[in-house]
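Below is one structure, written out as structure tokens; comments come after it.
Read-outs throughout are calculated quantities, based only on the coordinates presented, and are distinct from any laboratory measurement. Nothing here was measured: the structure is a model prediction, and the numbers come from that model. We place every Cβ from the backbone using ideal geometry, glycine too, and count neighbours over all the protein chains shown.
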Amino acid sequence: MSGIDLSRRAFPDVAARLEKGALAVLALGACEQHGAHLPLTTDTDMAHGVARRLADELDALLLPPLAYGDAWTARSFAGTISISPRTLQALIEDIGHDVLRMGAQGLVLVNGHFGNREPMVLAARTLVTAGLPVCHLDYPGLERLAEEVCDSRPAAPHFYHADEVETSIMLALAPEGVDMTRAASSYPQFPPSFGSEPMQLGDFNPAGVFGDPRPATAEKGEALVAGIVGESLRIIAAWRARHGF
């Protein structure tokens, strides 16, 4: 099986796939700093790479990714472009409404950025109410996979940013954007109120790296992606069974 990539195919191909019954898969990314060794599009590259593999496995429609997200916490870094949570929610809802209009069976959201979580969930509620089944995914199983695959410790629990995890995944999915000669370790001291108040990450970590990216390899990245895709497919199968398609 293989997905239909809307960025590379014409409308008759999409129409033919929809006639047979198809899901749509949408990656949610961001444009924000990822240290000196990874591109600003890292979150988008990763999420779209996972979404592509899911679309192929599901014989689904692969939608062009949303390349901007709520990256407010990284706005002190050059190159970061953030949109408001309200804007992101509205974008997901508008896309979902047209996915429903086209006749897709449901929408799978693959989120690659922490700041997108709340807008994604709220948009999913609106779309489900409108009649479109939505399955939203946040790299399921990543914490377990990181413990099994990676050698370095995370900078904080459940916190992976420009570290061995993300760098390995980028080496597997988009190696042309990685410059390992600039990779450096950074384990900042998190303020006691981190997570309890709005905060710019650059105020306590100007390097923008959280962890140690230097042990990263494409092989580790492939293992992480394969694990994420496998766990995602398990969840999607249960979701489809619940909705009967």
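A few points about this structure:
- Fewest-first ranking of PHE114, PHE159, using other Cβ atoms within 10 Å as the exposure measure: PHE159, PHE114
- At q = 0.08 Å⁻¹, base-10 log of I(q)/I(0) for the chain (Debye sum, equal scatterers on each alpha carbon): -0.30
- Of HIS113, HIS34, HIS97, the one that fluctuates the most in a GNM where the chain has Cα springs shorter than 10 Å: HIS97
- Dimensions of the stretch 1-105 along the principal axes, based on C-alpha atoms and rounded to the nearest Å, stand at 47, 29, 19, largest first.
- Note on the chain: GNM, Cα springs under 10 Å; of ALA78, ALA90, ALA223, the largest mean-square fluctuation is that of ALA78.
- Mean separation of Cα pairs under 8 Å and 6 or more residues apart, divided by the residue count, gives the stretch 176-245 a relative contact order of 33 percent.
- Helix-derived mean residue ellipticity, 222 nm - over the chain, DSSP H n ≥ 4, -39500 (n - 2.57), to 500: -13500 deg cm²/dmol
- The C-alpha atoms of the stretch 59-185 occupy a region whose extents along the principal axes are 47, 33, 29 Å, arranged from largest to smallest.
- The mean sequence separation of alpha-carbon pairs under 8 Å and at least six residues apart, normalised by the residue count of the chain, gives a relative contact order of 22 percent.
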